1. Can you tell me how many residues in segment 409-420 are free of Cβ contacts under 8 Å to residues at least 40 places away in the same chain and not polar (S, T, N, Q)?
2. Going by the structure shown, is residue 382 assigned to a strand (DSSP E or B) and touching a His at 6+ places or on another chain (Cβ under 7 Å)?
3. Kindly indicate the residue of segment 457-471 that is touching a residue at least 40 places away in the same chain (Cβ under 8 Å) and either among the hydroxyl-bearing types (Ser, Thr, Tyr) or closer than 30 Å to residue 307 by Cβ (or both) and also surrounded by the fewest Cβ atoms within 10 Å (Cβ to Cβ) among those meeting that condition.
4. Is it the case that residue 275 is in the same structural domain as residue 442 (by TED's automatic domain parsing), at pLDDT 95 or above and in contact with a strand residue (DSSP E or B) (Cβ under 9 Å, 6 or more places away or on another chain)?
5. Restricting the first residue to segment 340-357 and requiring it to be over 23 Å from residue 386 (Cα atoms), which pairs with a second residue that is at pLDDT below 95 and not in a loop (DSSP other than H, G, I, E, B) meet a Cβ separation below 6 Å and a spacing of at least six or different chains?
6. Checking the condition buried (at least 21 other Cβ atoms within 10 Å of the Cβ), out of contact with any His (no Cβ under 6 Å at 6 or more places or on another chain) and on the phi < 0 side of the Ramachandran plot, which residue from 287, 254 passes?
7. Could you tell me which numbered condition residue 390 fails, if it satisfies all but one of (1) crowded, with 22+ Cβ neighbours inside 10 Å; (2) farther than 28 Å from residue 448 by Cβ; (3) in contact with a Leu (Cβ under 7 Å, 6 or more places away or on another chain); (4) of a type outside the set (Phe, Trp, Tyr)?
8. I need the full set of residues from segment 411-440 which are assigned to a loop (DSSP other than H, G, I, E, B) and either of a type in the set (D, E, K, R) or assigned by TED's automatic domain parsing to the domain that holds residue 504 (or both), in order please.
Amino acid sequence: MPDKNNEQLRIGVFLCHCGSNIAGYLDMEELEKFAKTLPHVTFVQRNLYTCSEGGINEIKKGIVEQNLNRVVVASCTPRTHEPLFRNSCAEVGLNPYLFEMVNIRDQCSWVHMQEKEDATEKAKDLIRMGVAKAALLEPQEPIMSEVTTRALVLGGGMAGMTASLALANRGYEVVIVEKEDKLGGMLNKICKLGPSMTDASQVAEERIKAIDQHPKITVFTKSRLVRVEGFIGKFKADVETEAGVKNIDIGVILIATGAHVFTPEGLYGYDGQRVITQLELEERLKLGLDPSVKNVVMIQCVGARDEQRPYCSRICCQVAVKNALLIKEQHPDARVSILYRDMQMYGVENEELYRESKIKGVRYINYSPDRPPEVKDDQVLVFHPLLGRELNLQADLVVLSTPMVAQADAHEVSQLLRVPIDENGFFLEGHVKLRPLDFATDGVFLCGSARYPANIREAVAQGLGAASRASIPLSKGSVVVEPIISVLVNEDACRGCGLCVALCPYGALEIRHTDKGRKVHVINVACKGCGVCAATCYQHALTINSFTDEQLSAQIEAFLGT
C-alpha cells in the first residue's frame, strides 16, 4: 500500500514484552513471526522493555540501519508512552508523526490473562490494523503560537497568593481576581496552622504585604471572572470589578478558588452558639476561649462520608487534633473528647501531634455510623464499642468537624474555562498522577482546595507546582501544539451550519464569513483533536490529522481481512 508520494514504505515493528506484563500472557514468538508477514514490514524486533533506554536505542538503531520510514510499537498505552516513542523517532530524523502505537497490554494481556491463544490472536489483529494505518500516515509539522506573558490567578487564598508570588518573582505579570474584600482566604478565619502552630494571621499578612508591594502583581478584590475567550497564550478575559469590567489579555490561567466549610444545619442541634463548627471554634480561639468552657466534645465526619457527600475531607482530623491542643493550651484543665470514625493523621508530624494530644489528656472514642452520637442538652451520648455500653459525656461546647465543600460558583467557572469538575464539585485535573495540576485544556492550571481539600502545606506546594507548570509557556514565549487536530479538508462541502462549533468542548471552532459564504474555521492552537467535529459533520468537510477516513478504513479492512 504505497503512500500518496509513491514512497517505498519500510515499516519497522517493535514488540514489547513489558517484563511479564505482556510476555507472560501472549505468545511473543508467534507475534514476531506474524508481524514479519505483514505488507511493507521490513524489520521486526522484540524487546524486554521498549520504553527503557536500551529499548529506545534499539528503535533509533533500527530506523537508521534499516532505513525505516514508519515505526509501529506494540506495547502498552499511548496515553503514557506515545510522546516518548515519538521523540525517539524525531531524534534520528524521522518525522515523529510517522509513528503508530498499538496497545497490546491493556487491550490484550491484561484483559485476557486466562486466554493466551485467543489473546494472541487479538494482538495479531491489533498489530495488523496498526501497520495498515501506519502505511497511510503522513508527516506533520508542529503548530507554533506566541504567548502573552501575563497570568490570571482566580482566588487569593494561600494557594493563589503562593502561585502569584512565584510567578511575579520570575518576572511575569500577574492579575489576581478575588471575590472577597481582601486577600487571605481561609487564613483570615483560622487561629493557628498545624502542625507547626504558626499564627495564621501573621502568615496571611506577610503574604498580602508581599503582594501589595510587588510591582508585577495587580489585585482586584470584590471581583469575578465573567467571560473568557481564546486559547493557551492568547486568552482574553473580562473581569467584573467595583470600577467596571476590565478587559485583560493573558497567557495562562490558574484556578485557586479554594473551598468553604460545610454548615451543618439541622445536624446534632447545630446552633452556632453551644454547638458550633471547627471554623467557628477557630474564631473563638483567636479571641480566647471562654474560661467557663470546661468540657468540649468534638464529633468527626459530620455531613461527610454519607450519601450526600461520600468523600473524606482529609484535613478535618488534623484540624480537630490541633484545636484540641489549643484548647488544652488555653485551659489545661478542660476535658476534650474527640468522637471519630477513623483518624486520618497522615504524615510524621501530624502523627506526632496526635500522640502529643493523647499525652495531654485528649480522649478519643470511636463510634459507628450505624450508631452516631446524640447531642442532648449539656450532654453527648455515644456508644463505646469496646466497652459495649453508652457513655454520657458532659459538654459545655460541642464542636462539629464538617467537610470542605466546593465553592458555589465552581460550575460557573468550569463552564467559562471549559474545564471539568467531579461529582462533588471540585475541579478535575488532567491526570491524577501524570498531570495533577493541569487540565486537559492547555494553559489552565489548578491548585489548593479548588482541586480537593488541602492543608496549608499542600496548598503551598500545589501553588508552587502550578506556578512552575504555568511558567513553562510563559518562559518560552511561545507554545508548540501537536498537529493532530481538526482540518477543513473540503471547504466547498461545509455549509456553515455551526453544529460542530456548538459541540466542540474546547471552543476550537468558529464560523467565519468568506467569499464562499459561511464556513467553519479551526483555531489550531485550541484544538485537541478529540474528533467530535469530524464525527458530527454530515458533509464530511472535517477530518482529524492522523485519524483520516482513509486511515480508519484501512484499519477496518485489515481487521476484516478484505
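1. Adding up the residues that qualify gives 3.
2. Working: assigned to a strand (DSSP E or B): yes; touching a His at 6+ places or on another chain (Cβ under 7 Å): no.
So residue 382 does not fit the description; no.
3. Applying the first criterion (touching a residue at least 40 places away in the same chain (Cβ under 8 Å)) to segment 457-471 yields 459-460, 462-464, 466-468, 470-471.
So of that shortlist, the ones also either among the hydroxyl-bearing types (Ser, Thr, Tyr) or closer than 30 Å to residue 307 by Cβ (or both) come out as 459, 462, 468, 471.
On the way: 459: 28, 462: 26, 468: 15, 471: 17.
Out of the qualifying residues, it is 468.
4. Working: in the same structural domain as residue 442 (by TED's automatic domain parsing): no; at pLDDT 95 or above: yes; in contact with a strand residue (DSSP E or B) (Cβ under 9 Å, 6 or more places away or on another chain): yes.
When the stated conditions are applied, residue 275 does not pass them.
5. Every condition considered, no pair remains.
6. Values: 287 fails: buried (at least 21 other Cβ atoms within 10 Å of the Cβ).
Testing whether each residue is buried (at least 21 other Cβ atoms within 10 Å of the Cβ), out of contact with any His (no Cβ under 6 Å at 6 or more places or on another chain) and on the phi < 0 side of the Ramachandran plot leaves just 254.
7. Condition not satisfied by residue 390: (1).
8. 418, 422, 423, 429, 433
The values are calculated or read from the model by the stated rules, or taken from the named source; none is laboratory data. Only a predicted model underlies this, so the values are computations on that prediction, with no experimental measurement involved. All Cβ positions, even for glycine, are placed from backbone atoms using ideal geometry, and neighbour counts span all protein chains on display.
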